[in-house]
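**Q** The structure under discussion is supplied below as structure tokens; questions concerning it will follow.
The values are calculated or read from the model by the stated rules, or taken from the named source; none is laboratory data. None of these values were measured; they are calculated from a predicted model. For neighbour counting, all protein chains shown are included, and Cβ atoms are generated from backbone atoms with ideal geometry for every residue, glycine included.
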């Protein structure tokens, strides 16, 4: 919290960045990105998409579940979370599909995903 506006003296060894004319903000969040991994790596990967997000000022992105295979089981989510941990430049929150294989017939087992402690975002 800003408590006062005034002049601060530079401490020895401190680096001062002149941000005049620049825009300074907290990290941005994008809740609708298509990382395409697994299955669509020719278009985008977790590594390339998260690197692009970081360069654009994003610190958190949410990855849509339109991948092959679809993240609708604890095994798929575990693989995805591990891959994110290994390759991402920013925080990635993967969406789980609301229905298995995204076909709208059978609900995904959310209880199993919750036990995996996945960051649960849902998309149909």
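**Q** Please work out if residue 53 is in a helix (DSSP H, G or I) and in contact with a helix residue (DSSP H, G or I) (Cβ under 6 Å, 6 or more places away or on another chain).
**A** no
**Q** If you don't mind, another one. Kindly check whether there is at least one residue in the stretch 26-35 that is buried (at least 18 other Cβ atoms within 10 Å of the Cβ) and either within 27 Å of residue 114 (Cβ to Cβ) or within 15 Å of the chain's Cα centre (by Cα) (or both).
**A** yes
**Q** Quick check on residue 4: is it surrounded by fewer than 16 Cβ atoms within 10 Å (Cβ to Cβ), out of contact with any strand residue (DSSP E or B) (no Cβ under 6 Å at 6 or more places or on another chain) and in a loop (DSSP other than H, G, I, E, B)?
**A** On the way: surrounded by fewer than 16 Cβ atoms within 10 Å (Cβ to Cβ): yes; out of contact with any strand residue (DSSP E or B) (no Cβ under 6 Å at 6 or more places or on another chain): yes; in a loop (DSSP other than H, G, I, E, B): yes.
Yes.
**Q** For the stretch 98-121, which residues satisfy the criterion of being within 16 Å of the chain's Cα centre (by Cα) and either at pLDDT 90 or above or assigned to a loop (DSSP other than H, G, I, E, B) (or both)? Write out each step before concluding.
**A** Step one: filter the stretch 98-121 for residues within 16 Å of the chain's Cα centre (by Cα), giving 117-121.
Hits for the stretch 98-121 are 117, 118, 119, 120.
**Q** Name the pairs: first residue in the stretch 1-24 and under 25 Å from residue 57 (Cβ atoms), second residue in a loop (DSSP other than H, G, I, E, B), Cβ to Cβ under 7 Å, at least 6 apart or on different chains?
**A** Pairs that qualify, where the first residue is under 25 Å from residue 57 (Cβ atoms) and the partner is in a loop (DSSP other than H, G, I, E, B), are 16/10.
**Q** Quick check on the stretch 64-74. Is at least one of its residues modelled with pLDDT under 95, outside any helix (DSSP H, G or I), surrounded by 15 or more Cβ atoms within 10 Å (Cβ to Cβ) and under 11 Å from the mean Cα position of the chain (by Cα)?
**A** Yes, because at least one residue in the stretch 64-74 is modelled with pLDDT under 95, outside any helix (DSSP H, G or I), surrounded by 15 or more Cβ atoms within 10 Å (Cβ to Cβ) and under 11 Å from the mean Cα position of the chain (by Cα).
**Q** Might you let me know whether the stretch 40-57 holds any residue that is touching a residue at least 12 places away in the same chain (Cβ under 8 Å), more than 14 Å from the chain's Cα centre (by Cα) and farther than 13 Å from residue 95 by Cβ? Outline the logic, then answer.
**A** Going residue by residue through the stretch 40-57, those that are touching a residue at least 12 places away in the same chain (Cβ under 8 Å) are 40, 45-47, 49-51, 53-54, 56-57.
With more than 14 Å from the chain's Cα centre (by Cα) added as a condition, the list becomes 40.
Next, only the ones that are farther than 13 Å from residue 95 by Cβ stay: 40.
Checked against the condition, which is being touching a residue at least 12 places away in the same chain (Cβ under 8 Å), more than 14 Å from the chain's Cα centre (by Cα) and farther than 13 Å from residue 95 by Cβ, the stretch 40-57 yields at least one hit.
**Q** Condition first: in contact with a helix residue (DSSP H, G or I) (Cβ under 7 Å, 6 or more places away or on another chain) and in contact (Cβ under 8 Å) with a residue 12 or more places away in the chain. Now tell me which residues in the stretch 87-114 satisfy that. Show your work before the answer.
**A** Within the stretch 87-114, the subset in contact with a helix residue (DSSP H, G or I) (Cβ under 7 Å, 6 or more places away or on another chain) is 87-90, 92, 94, 96, 106, 108, 112-113.
Passing the criteria: 87, 88, 89, 90, 92, 94, 96, 108, 112, 113.
**Q** Identify, from the list 47, 42, the residue that is surrounded by 13 or more Cβ atoms within 10 Å (Cβ to Cβ) and either outside any loop (DSSP other than H, G, I, E, B) or modelled with pLDDT of 95 or more (or both). I'd like the intermediate steps shown before the answer.
**A** On the way: 42 fails: surrounded by 13 or more Cβ atoms within 10 Å (Cβ to Cβ).
Result: 47 is the single residue among 47, 42 that is surrounded by 13 or more Cβ atoms within 10 Å (Cβ to Cβ) and either outside any loop (DSSP other than H, G, I, E, B) or modelled with pLDDT of 95 or more (or both).
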